[in-house]
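So the structure is just underneath, and the comments pick up after that.
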Amino acid sequence: MEEIKQLDTKQIPRPITEPPSHCSHHLALLKWIPKYMPLTDSDDRLRAITNFIWNSISSKAGDALNKLEIEARIGTYYPNETLSNAEKQISQAILNSPHMQILPFTETHGILEKNLFKFVPGIKADHFYFLKDLFDQAAKEPKSDIKVIPKVAYKDQTYSNDIRVSIDNSTNQVIEVIKKQERRDLNFQDGRNGIRISSSIEVEQKFTEEMKKTRPKFIRDKIRYSYIYEYMQFDFTKSQTKADKFPVYEIEIEIKDIEHMKKHINQYETFHKFVRRFFSNLHCLCYIIDYVYPEMYQLNLKNHYENFYGINSPQPLVGGYLASTLYRLDLSKKDPI
């Protein structure tokens, strides 16, 4: 746990002052996506992300800047349950578009405001472990720039006042006590994946005696694996509450070196290239989920089938189903959590 607490921006490799325009050379998983085409600097959607992050950083100074958190999560968007049937159909039609797009998260009708979409963080377990395996392999490559942070097991206790207390499972020591404020979100749909980019201020709080006597609103058990690449941290987290039937598998990318970004706040094009590199890595993960994973899954399915039945064996439906089952059982054995 101490390794996490000691990690600060001084230990994170700083990005070069003038990043090259071709950001594909700055993807953590470049080796596995030879067909990936990065977004261009002039892409309006990318400019919207830059403006969002630029406004989040430029509006903060001093202590607030030090506590600023900018992160992105992958999940799924659904039409909000409070919408009418007609509004739900419109919202679903927006989500069905194959193009990456900024979602109109709120729509104003006079003085009323409606949420069009509901964001649910998390991805499938197969996708989670597939991406984690790629990061583990990339970290072992010669001259790899990816740094691995050891596994961390802890509990997040959230109270009625929205204060979150994180407690180390192995030592039972309090890691941090924070409350997130001034949260702002930018919502994207990227293929079949939802993306939420958020900025917030993490305000340190005290774990008072009164709170210790109070039952938390909910407790979430978490196990996290993290990877540092340039000025970004990739967090792979498996979490579960008592109310959850199944674990939730989340991936987050956080900009760790906010201070360095602040230094380039008046150099918009350079700042934009940093943001482009950040979002390109996020977009890359969605690309792997949508395109690379299905290809690898079918290839592994074929290999498992041939290992079980022999090469060039006929492929009856039942046999294919059995091979798929064997492959999924093999995947479940890889669960390190």
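Given (1) of a type in the set (D, E, K, R); (2) crowded, with 20+ Cβ neighbours inside 10 Å; (3) without any contact (Cβ under 8 Å) to a residue 40 or more places away in the chain, identify the lone condition not met by Asp257.
(3)
Scan (1) surrounded by 13 or more Cβ atoms within 10 Å (Cβ to Cβ); (2) over 16 Å from Asp257 (Cα atoms); (3) of a type in the set (Asp, Glu) for the single condition Glu81 breaks and write down its number.
Exception for Glu81: condition (1).
List the strands (runs of 3 or more DSSP E) inside the range 191-251, counting only whole elements, that have at least 3 residues being crowded, with 17+ Cβ neighbours inside 10 Å and small (Gly, Ala, Ser).
Of the strands (runs of 3 or more DSSP E) lying wholly inside the range 191-251, those with at least 3 residues that are crowded, with 17+ Cβ neighbours inside 10 Å and small (Gly, Ala, Ser) span 193-204.
Of the residues Ala61, Ala72, which single one is among the small types (Gly, Ala, Ser), within 30 Å of Asp136 (Cβ to Cβ) and either touching a helix residue (DSSP H, G or I) at 6+ places or on another chain (Cβ under 6 Å) or modelled with pLDDT under 90 (or both)?
On inspection, the qualifying residue turns out to be Ala72.
Whether any residue in the range 311-328 is within 26 Å of Tyr129 (Cα to Cα), of a type outside the set (Ser, Thr, Tyr), surrounded by 19 or more Cβ atoms within 10 Å (Cβ to Cβ) and at pLDDT below 80 is what I want to check.
yes
Using the structure shown, decide if Thr270 is assigned to a helix (DSSP H, G or I), β-branched (Val, Ile, Thr), assigned by TED's automatic domain parsing to the domain that holds Leu29 and at pLDDT 55 or above.
Yes; evaluated as a whole, the condition is true for this residue.
Which of the residues spanning the range 157-190 are in contact (Cβ under 8 Å) with a residue 40 or more places away in the chain, acidic (Asp, Glu) and surrounded by fewer than 20 Cβ atoms within 10 Å (Cβ to Cβ)?
Passing the criteria: Asp168, Asp185.
The values are calculated or read from the model by the stated rules, or taken from the named source; none is laboratory data. Fair warning: this is a prediction, and the values are worked out from it, not measured in the lab. Glycine gets a Cβ as well: all are built from the backbone with ideal geometry, and neighbour counts include every protein chain shown.
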